[in-house]
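This report concerns only the one structure given below.
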Amino acid sequence: MEHGGSNSRFELVPLAGGGWAVHDRAWGETMHPVAGPEIEPAALYVEELQLPQLWTRVESGRQALAVVWDVGLGAGANALAVLRSAAARRVRLRLWSFDLSLDALAFARAEAGRLRYLAGWESLVDEFLARGAFTGTVGAAGVEWRYVEGDFARWLAVDEPPADAPDAVAFDPYSPSCHPDLWTAEVFRRLYGRLDPSRPCVLTTYSRSNRVRTALLMAGFFVGRGRPVGVKEETTVASNRLELLSRPLDHAWLDRLRKTPPAGSGRHAGDAHRMAALSVWERLRRHPQFAGLRMSPARDQGAGSSGSGRSASF
Ligand SMILES: C[S@@+](CC[C@H](N)C(=O)[O-])C[C@H]1O[C@@H](n2cnc3c(N)ncnc32)[C@H](O)[C@@H]1O
C-alpha cells in the first residue's frame, strides 16, 4: 500500500520526560503528548483495558478468541502495546485497527530509530503497512491484525457486521474539540450495539470530560474513572458490565453534573439549552448505574458468567 505525504504532515516532538511523540500538523494534535507512546498505551490501553484478564479468559478456554478494536491506529503505539502484551500469552487475538490512513504509522516506522516502542517490531510493521494486515504468530500468540480504512463513525453507521463483537476497545481518536463527531452518544450507541450482550467488553479512553462520559452513559455503557496517566489525574473506563469498573461514577458525580452548566452554554444560554441539559440529567438518573439496580462494584476477574450488572435501555 502507498503512504504519501507523511513527511510533511507529521513531525517528532520531544517529550518533557525524554523520548519523542508524533505530532500531526494537519490537525495540530500530538499522539500521547504527555506520558508518551511507551507509557500511556501500556497503562491505559493494556492494563486499564484489562487485557491481561482477557488473555486469561482465552488461555483458560472460557472463550476461543480475543477481539480488540484499536480506534485511531495513528502511529501504532497502542496497537503495538496490545501485541506486546498478547505475545507473552498463549492466545488467539483478532486486532482491528481503524484509521483514515496509514500515513502516521508509515511516518513512525521511518522514525523507528527514535521511537523506542517500535524497536523489534519493524518487520511486522513493514508487512502490515505493505498489506494492510498481518497474520501469524507474535511470541506465543496467534494474531490476525487488520487495518480498517475510513471514518470509524461512518463504518459503525453503514457497514453491517461481518465484524466480531469486541472484548476491548482502545478508543483513541483526536480530542473531542478536534473531532466532535467521533465522541457523540450516537456513535457510542452504535458501538454499544456492536457488543455481544453475553460477553463483557471494556472501553478505555484518555478523555475525562463530562460530555464524553455523559455520551457513553446515554449510549448504555456503565462508566467509571480510569487511572491517572502522566500528569492527567483521571481517564475514563466504560463497560457493559458494572462489576468491571473499579471506580464507577457515583451520585456525587451526577449531582455535580446537574450543577455544571452544559459545555458551550454561557450565563445567558437560552432556556431550551438548559431544558435539554436537564432532560439528559433526568435520563442519566434512571440509568441502572445510578438507579440502584446494581451489584457491588468489585472487579471480577472471572467476568463473563454474570449478567446481573448488565446495562439495559433506560
Ligand atoms: C490520537 S491519534 C491515535 C494515536 C494512536 N492510537 C497511537 O497509539 O499512536 C488519533 C488518530 O485517529 C485518526 N482518526 C481521525 N479521525 C478518524 C475517524 N473519523 N475514523 C478513524 N480514525 C480517525 C487520526 O487519523 C489519528 O491517526
Net charge over other residues, Cβ less than 11 angstrom from the Cβ of CYS178 (K, R count +1; D, E count -1): -3
What is the set of long-range amide H partners of VAL202 at a cut-off below 5 Å, with H atoms built 1.01 Å from backbone N? ALA168, VAL169
Would you work out which of PHE128, LEU102, ALA140 lies farthest towards the positive end of the dipole of the chain, given +1 charges on the beta-carbon of Lys and Arg and -1 on that of Asp and Glu, about the Cα centre? ALA140
Of the candidates ASP126, ASP255, ASP167, which one comes out as most mobile in a Gaussian network treatment of the chain with C-alpha springs shorter than 10 Å? ASP255
What number comes out for accessible area per residue over the chain if the probe is 1.4 Å? Units Å², please. 45
Using 0.36 nm per residue, how much length does the chain from ALA130 to ASP181 gain when fully extended, once their Cα-Cα distance is taken away? 15.4 nm
Under 5 Å between amide hydrogens, which residues at least 5 positions from VAL229 or on another chain qualify, with H placed 1.01 Å from N in the peptide plane? GLU234
Inter-label distance for ARG208 and ARG247, nm, one decimal - labels placed 7 Å from Cα along Cα-to-Cβ: 0.7
Just to confirm a number: summing +1 for Lys and Arg and -1 for Asp and Glu over residues other than THR236 whose beta-carbon lies under 9 angstrom from that of THR236, what do you get? +2
About its Cα centre, region 6-285 carries a charge dipole, from +1 on Lys and Arg Cβ atoms and -1 on Asp and Glu Cβ atoms, whose size in debye to the nearest 20 is 860
Taking the Cα-to-Cβ direction at GLU234 and at GLU149 and moving 7 Å from each Cα, how far apart do the two end points lie in nm? 4.0
Taking all protein chains as present, what is the carbon and sulfur share of the accessible area of the chain, in % to the nearest whole number, probe 1.4 Å? 52
How much FRET efficiency would the formula 1/(1 + (r/R0)^6) give for THR56 and ALA16, where r is the Cβ-Cβ distance and R0 is 41 Å, rounded to 0.05? 0.70
Of GLU186, GLU282, GLU234, which has the largest mean-square fluctuation in a 10 Å C-alpha GNM of the chain? GLU282
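The values are calculated or read from the model by the stated rules, or taken from the named source; none is laboratory data. Just so you know, these numbers come straight off a predicted model, no measurement behind them. With ideal geometry, Cβ positions are generated from the backbone for all residues, glycine too; neighbour counts draw on all protein chains shown. Note: areas computed on protein heavy atoms with side chains; ligands, DNA, RNA excluded. Shrake-Rupley method; radii C 1.70, N 1.55, O 1.52, S 1.80 Å.
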